[in-house]
Amino acid sequence: MRTLYRASRVHTLAHPATGEWVLVDGRHVERVGVGDPPSADRVVELPGATILPGFVDAHVHLTGTGIHQQAPEVGRARSVPELLEALRGVLARRTGPTLVHGWDESAWDLREPPTRAELDALTDRPLAAVRADGHLSLANSPALVLSGALALPGVERDPAGEPTGVVRGEANVALQRWFTVNLSRHDLGALQLSAAALAASHGVTCVHEMSMIDQRGMGELEVLLAQRERLPVDVVPYPVTTDVGRAIELGLPRVGGDLPVDGSIGARTAWLREPYRDAGHRGTAFLAGEELATFLRDGHLAGLQVGVHAIGDAALAAVIEAWEAVYRALDSRGRRHFRARRHRIEHAEMLDPDLLERAAMLGLALSVQPSFDAAWGGPGGLYEQALGAERAGAMNPFRSILTRGMEMGAGSDSPIVTIDPMAAIAAFEGHHEPSERLLREEAVRAHTIGGARLAHQEGKKGALEPGAHADLVAYPADPLDPGVSLEGLRPLLTVSLGREVHVS
Ligand SMILES: [Zn+2]
């Protein structure tokens, strides 16, 4: 079955750079051309539209995105009363344990979350509200007790020793795990499907799924693998575990992904070299020393691509140092293979010039989230509150990364920020630090071919060329034209692996 998609312009992000139509045969692009099109079984006319390769989101949590979508009003709350009101509404339409995601106090006038007493007053059922960045949650008393979080490190306590309802670190992991393992397979499948449909509606055709199997159990990934072919977007699963053998058993060529070496700036758990400006500590190392070194070495020697989550400068230094030790032990052929493996660092936000250079020498690949800067960078933003202007201003050095020739792919970390690639591209273009901004086309490339390369899928994804996957998206205006505003720009049509998965 050959389908011809005819638009005003096609950007291939390959050679030749532009065309007027794309001929698709089944799951693949047959060719892109100009002028009289070849015959096809079906013609889709898109007059005035611009076609691009489908977007690749290099860092997504599908189940979490589905949970966020169930109650987006939680993310819109701008004060404690608004958050409590949103929670009341969610509780009214649900039964049983209730987990919601997305509140963010960093833009509130009073940056204090609600108290445990306020949460307890809402319901006697277990209730947890995960902060936007996922690294901190609020829990009422039943949730703290039933999840087992109460007995673990990370439970915040008031001067009288009573839990405040805020949990971080291990307690936060246990809390979220308890809610997730209590979801049925059916619910997990439905959450993932709705998240994948949301991605497709924003022009995303492939997501790198960070399946938190150590933190949330195997259910999420098992359901995902079982329904992978049915999802409207292509999925590249990263099993988030230190268990290299488990990844091999699953038949996956990669391990780790979003594996936390540290936490987040928002939860003050990102692992820093110098203390937080507003907290007398340097954050938390979740994975370090011999344990980190062993994981990276074993993963590499098993032939896998290895990824880790590292945000703070101390976390990044620990990861890069550990990789340098693995690299030094290899011969020159082994070193070439090492660099070609594109081991990944997720987030890499506090990458200073020295760390950047050392990461570049190792051929490490960076999976970045430009919308983090849009949300939390800049004067008065969360990063400045936590780190001061100097450290905050040096974060997320996208232009420097590209200039150094490093592999860089873009993602959302959805549900942390919106899965909309237009928001990410605008964030690249409008970086709070002007010297680190990207041009429109560079930003689009980071979100297409850049992401494809992070999963070794160049030639298959990220560009429209003969033999590539038929992953494409048509917009009513040309997103590559810097004069076109990206705000609210939504696809007319999204095609993933030759399937029309979104039509507006
Ligand atoms: Zn992460």
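The values are calculated or read from the model by the stated rules, or taken from the named source; none is laboratory data. Keep in mind it's a predicted model, so treat the numbers as computed, not measured. Cβ coordinates were reconstructed from backbone atoms using ideal geometry, including for glycine residues, and neighbour counts include every protein chain displayed. These accessible areas exclude ligands, DNA and RNA; they are computed on the full protein's heavy atoms, side chains included. Shrake-Rupley method; radii C 1.70, N 1.55, O 1.52, S 1.80 Å.
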What's the number of the only condition in (1) open to solvent by 20 Å² or more (accessible area, probe 1.4 Å); (2) within 17 Å of THR269 (Cα to Cα) that ARG131 fails to meet? (1)
Flagged pairs (Cβ under 9 angstrom, 6 or more apart or on separate chains; first in the range 39-51, open to solvent by 80 Å² or more (accessible area, probe 1.4 Å); second part of a loop (DSSP other than H, G, I, E, B)) are ASP41/MET1; ARG42/MET1
Verdict on ILE419 being surrounded by fewer than 24 Cβ atoms within 10 Å (Cβ to Cβ), among the β-branched types (Val, Ile, Thr) and either at pLDDT 95 or above or within 16 Å of the ligand (Cβ to nearest atom) (or both): no
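Can you find a residue that is at pLDDT below 95 and of a type outside the set (S, T, N, Q) anywhere in the range 47-62?
Quick first cut of the range 47-62, residues at pLDDT below 95 only: none.
Scanning the range 47-62 turns up no residue that is at pLDDT below 95 and of a type outside the set (S, T, N, Q).
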Hey, among ARG391, ARG342, which residue is crowded, with 19+ Cβ neighbours inside 10 Å and over 26 Å from THR269 (Cβ atoms)? ARG342
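Enumerate the helices (runs of 4 or more DSSP H) found wholly within the range 94-191, keeping only those where 3 or more residues are outside the structural domain of GLU82 (by TED's automatic domain parsing).
Working: elements: 116-120, 141-146, 169-181.
So the answer is 169-181.
Given the structure, is SER106 farther than 21 Å from GLN215 by Cα, over 27 Å from the mean Cα position of the chain (by Cα) and of a type in the set (Gly, Ala, Ser)? Spell out how you get there, then give the answer.
Details: farther than 21 Å from GLN215 by Cα: yes; over 27 Å from the mean Cα position of the chain (by Cα): no; of a type in the set (Gly, Ala, Ser): yes.
Taking the combined requirement at face value, the residue does not satisfy it.
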Let me spell it out: the conditions are (1) away from the ligand (no atom under 16 Å from the Cβ); (2) open to solvent by less than 10 Å² (accessible area, probe 1.4 Å); (3) out of contact with any Phe, Trp or Tyr (no Cβ under 9 Å at 6 or more places or on another chain), and ALA199 meets all of them except one. Which number is the exception? (3)
Filtering the range 298-320 down to residues that are touching a Lys or Arg at 6+ places or on another chain (Cβ under 9 Å) and assigned to a helix (DSSP H, G or I), which residue is farthest from the ligand (Cβ to nearest atom)? HIS300
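Could you tell me whether MET361 is without any contact (Cβ under 8 Å) to a residue 24 or more places away in the chain and over 30 Å from VAL130 (Cα atoms)? I'd like the intermediate steps shown before the answer.
On the way: without any contact (Cβ under 8 Å) to a residue 24 or more places away in the chain: yes; over 30 Å from VAL130 (Cα atoms): yes.
For MET361, the condition - without any contact (Cβ under 8 Å) to a residue 24 or more places away in the chain and over 30 Å from VAL130 (Cα atoms) - is met.
Residue-wise test of (1) over 25 Å from ILE345 (Cβ atoms); (2) open to solvent by 50 Å² or more (accessible area, probe 1.4 Å); (3) not assigned by TED's automatic domain parsing to the domain that holds ARG499; (4) not hydroxyl-bearing (Ser, Thr, Tyr).
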| position | (1), (2), (3), (4) |
| --- | --- |
| ALA423 | no, no, yes, yes |
| ALA426 | no, no, yes, yes |
| GLU429 | no, yes, yes, yes |
| PRO434 | no, yes, yes, yes |
| LEU438 | no, no, yes, yes |
| ALA452 | no, no, yes, yes |
| HIS456 | no, yes, yes, yes |
| HIS469 | yes, no, no, yes |
| ASP481 | yes, yes, no, yes |
List pairs: first in the range 321-344 and within 11 Å of HIS300 (Cα to Cα) and in a loop (DSSP other than H, G, I, E, B), second of a type in the set (Lys, Arg) and open to solvent by less than 90 Å² (accessible area, probe 1.4 Å), Cβ under 8 Å, 6+ apart or cross-chain? ARG342/ARG453
What's the number of the only condition in (1) assigned to a loop (DSSP other than H, G, I, E, B); (2) within 16 Å of the ligand (Cβ to nearest atom) that TYR276 fails to meet? (2)
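Name the residue, out of SER414, SER371, SER400, SER367, that is more than 16 Å from the ligand (Cβ to nearest atom) and of a type in the set (S, T, N, Q).
SER400
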Evaluate the following for PHE295: is it of a type in the set (Phe, Trp, Tyr) and not in a loop (DSSP other than H, G, I, E, B)? yes
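Is one or more of the residues making up the range 345-361 of a type in the set (Gly, Ala, Ser), within 16 Å of the ligand (Cβ to nearest atom) and either over 17 Å from PHE286 (Cα atoms) or touching an Asp or Glu at 6+ places or on another chain (Cβ under 9 Å) (or both)? So that I can check it myself, show each step before the final result.
Restricting attention to the range 345-361, the residues satisfying the condition of being of a type in the set (Gly, Ala, Ser) are 348, 359-360.
This time we only want the ones that are within 16 Å of the ligand (Cβ to nearest atom), so: 348.
Filter once more, so that each one left must be either over 17 Å from PHE286 (Cα atoms) or touching an Asp or Glu at 6+ places or on another chain (Cβ under 9 Å) (or both): none.
Looking through the range 345-361, none of the residues is of a type in the set (Gly, Ala, Ser), within 16 Å of the ligand (Cβ to nearest atom) and either over 17 Å from PHE286 (Cα atoms) or touching an Asp or Glu at 6+ places or on another chain (Cβ under 9 Å) (or both).
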